[in-house]
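Asker: Below is the structure I would like to discuss, written out as C-alpha cells.
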Amino acid sequence: MRQALALAENGRGFVEPNPMVGAVVLDSGGRLAGEGWHQKFGGPHAEVFALAAAGDRARGGTLVVTLEPCCHHGKTPPCTDAVLSAGIARVGVAMADPFPKVAGGGLAILRAAGVEVQVGVCEADAVALNAPYLKLLRTGRPWVHAKWAMTLDGKIATHIGDSKWISGEESRRRVHELRGRMDAILVGAGTVFADDPLLTARPAGARVPARIVVSASGNLPEACQLRATARDVPVIVYTANAAPLAGWADDGAEVVSTPNFDAVLADLGARRFTNVLIEGGAGLLGSAFDAGAIDEYHVFIAPKLVGGTGPSSLGGVGVSRMADALALVRSTFEPSGADVYIHGFARQ
Ligand SMILES: NC(=O)c1ccc[n+]([C@@H]2O[C@H](COP(=O)([O-])OP(=O)(O)OC[C@H]3O[C@@H](n4cnc5c(N)ncnc54)[C@H](OP(=O)(O)O)[C@@H]3O)[C@@H](O)[C@H]2O)c1
C-alpha cells in the first residue's frame, strides 16, 4: 500500500477534481506484477493501468489500491468490471470513496462476486493524501493553501509597502511550482495596488490557475497586469460592489458579486476548484485566518531585517492569548536557498 500511495502522488496537479489514486497488482505468488496511477482528469483509473501492466499474471492475484474501485460509468467504465474480468482474488483498499456514485458500492460488488476485500490499510495516509478532494466533497469548499514570504522580523513588506524581493530565487521557484498545481491564486485588492502581480506559474505547471482578486469595495486600479492579461489567463474579481468594475469586465475579467469570503469559497467550490492558494496580503490572509479558512501553510522566512511598521503576514483580529495560537500540525522545515521553508497544516 505504501508503494501504491507513492504512485498516487504522481497525479498531483493533473487529476483534480478527481482524487489521486495508485494501484499495485501482485500475482498469485505475491510477486509484483503491475503498477499504475490515475494520471490525468478524465483518463483511465489507476487500477486499469496496473491490471493492464500485470496482464495474465493478475489472475488469482491481489490488487492493492489507495481508494475504493469505482462502480459507475463516469468518464471511464467501472473499475469493478476490470477487476473482476482480470480474475483478481483479493483486493486491499486504503479507504472507501465517499463520492456519492461509489460510496461503498464498489466494495459491495467485489464482495458479492466472491473477491476477498480488506479495507483500511494505511487509511490515515490515504485520507491525508486526498484531503483536498475529501474536503471539496464534504463541504463544497476548496482546500485553502496560504503562502507568504517574510523577513526575520516578521514583515511581509517594508513600511512603504515594498516587498520585492523578500525571499531568494530558490523560494520563488518553489512558489511557482506550487502555483502550477493550483486551481486558483487569490490576492486582496491591496496587493494589486502595491505589487501589480501577474500571478501566473512560470514555468507553467500541470494546471493554469485562475487569478482572483478579492475586493469588498470594488476599488481596483484602472491599469495593472492582471487586468491587461485577463483575456489570456482567467481573472475573477469577487466584490460586494461591482459598479466600479465595469472596465475590468470589458477587459475580460469575470466580476462576481459576493457578500463575504465564505461565499467566495462556496463559488470556487461550485466551480470544482480543489486547491486554491492565498498569496496575500495581510488583509486577506488575516481575514481568512480569523475565519479558520486556511488548511495548509507554506511560509518562507528570509534571513533579512527591515524594522519599522511594515505589515506582518496575518492582519485581521487574531487571537488574544498565546494559549489560543494555532499550532501547525505535521509541520516540517527545510532550507530553501538562504531562506527557511516551513510547511504545515491547520488541523489533522
Ligand atoms: N511578502 C509576501 O509574501 C506578500 C504577498 C502579498 C502581498 N504582500 C504585501 O502586502 C501588502 C498589502 O497588504 P494589504 O493588507 O494591504 O493587502 P491585501 O490583503 O492584498 O488587500 C486588502 C484588501 O483586500 C480586500 N479584502 C481582504 N480581505 C477581504 C475579505 N475577507 N472580503 C472582502 N475583501 C477583502 C479589501 O479590499 P477593499 O478595500 O477593496 O474592499 C482589503 O482592503 C503590500 O505591501 C504587499 O507588498 C506581501
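Asker: Less than 15 Å Cβ to Cβ from A346, Lys/Arg counted +1 and Asp/Glu -1: what total charge do the surrounding residues give?
Answerer: +1
Asker: Still on this structure, please answer the following. Relative contact order for region 141-345 using alpha-carbon pairs under 8 Å, separation at least 6, rounded to a whole percent?
Answerer: Relative contact order for region 141-345 comes out at 32 percent.
Asker: Size of the dipole of region 141-345 about the Cα centre, Lys and Arg at +1 and Asp and Glu at -1 on the beta carbon, nothing else charged, in debye to 20?
Answerer: Dipole magnitude for region 141-345 comes out near 380 debye.
Asker: Turning to a different aspect of this structure: Run down the aspartates and glutamates and flag those whose C-alpha is under 19 Å from the C-alpha of K75, throwing out any fewer than 8 positions away in its chain.
Answerer: List returned: E16, E47, D97.
Asker: Next question. Considering amide H positions built from the backbone, and no H for Pro or chain starts, which residues 5 or more places from L326, or on another chain, come under 5 Å of its amide H?
Answerer: Residues meeting the criterion, in which the H sits 1.01 Å from N, do not exist here.
Asker: Right, next: I want to verify a result. In a Gaussian network model of the chain, Cα cutoff 10 Å, which of these has the top mean-square fluctuation: M322, M150, M20?
Answerer: Of M322, M150, M20, the Gaussian network model singles out M322 as fluctuating most.
Asker: What is the magnitude of the charge dipole of the chain about its Cα centre, with +1 placed on the Cβ of each Lys and Arg, -1 on the Cβ of each Asp and Glu, and no other charges, expressed in debye to the nearest 20?
Answerer: It works out to roughly 440 debye.
Asker: Could you check what % of the DSSP bridge pairs in the chain are antiparallel, to the nearest 5?
Answerer: 35
Asker: Of G61, L129, M95, which is farthest on the positive side of the dipole of the chain, counting Cα position, with +1 on Lys and Arg Cβ, -1 on Asp and Glu Cβ, and the Cα centre as origin?
Answerer: Result: G61, furthest along the dipole toward the positive end.
Asker: Kindly identify region 2-133 as rounded, prolate or oblate by the Cα gyration tensor criterion: order the square roots of the eigenvalues as a ≥ b ≥ c, call it rounded if a/c is under 1.5, otherwise compare a/b with b/c, prolate if a/b is larger, else oblate.
Answerer: Rounded.
Asker: Which whole-number percent is the relative contact order of the chain (Cα, under 8 Å, 6+ apart)?
Answerer: Over the chain, the number comes to 15 percent.
Asker: Multiply the residue gap between A338 and L32 by 0.36 nm, knock off their C-alpha separation, and tell me the result in nm, one decimal place.
Answerer: 105.9 nm
Asker: Now for a separate question. With springs only between Cα atoms under 10 Å apart, run a GNM on the chain and tell me which of W143, W165, W37 wobbles the most.
Answerer: Greatest mean-square fluctuation among the candidates belongs to W165.
Asker: I'm a student and want to see the number: the projected area of the Cα convex hull of the chain, averaged over all directions, in nm².
Answerer: Taking the Cα atoms of the chain, their convex hull projects to 19.0 nm² on average.
Quick note: the coordinates plus some simple rules give every number you see, no bench work behind them. This is a predicted model, so every value here is computed, not measured. Please note: Cβ atoms are built from the backbone with ideal geometry, for glycine as well, and neighbour counts cover all protein chains shown.
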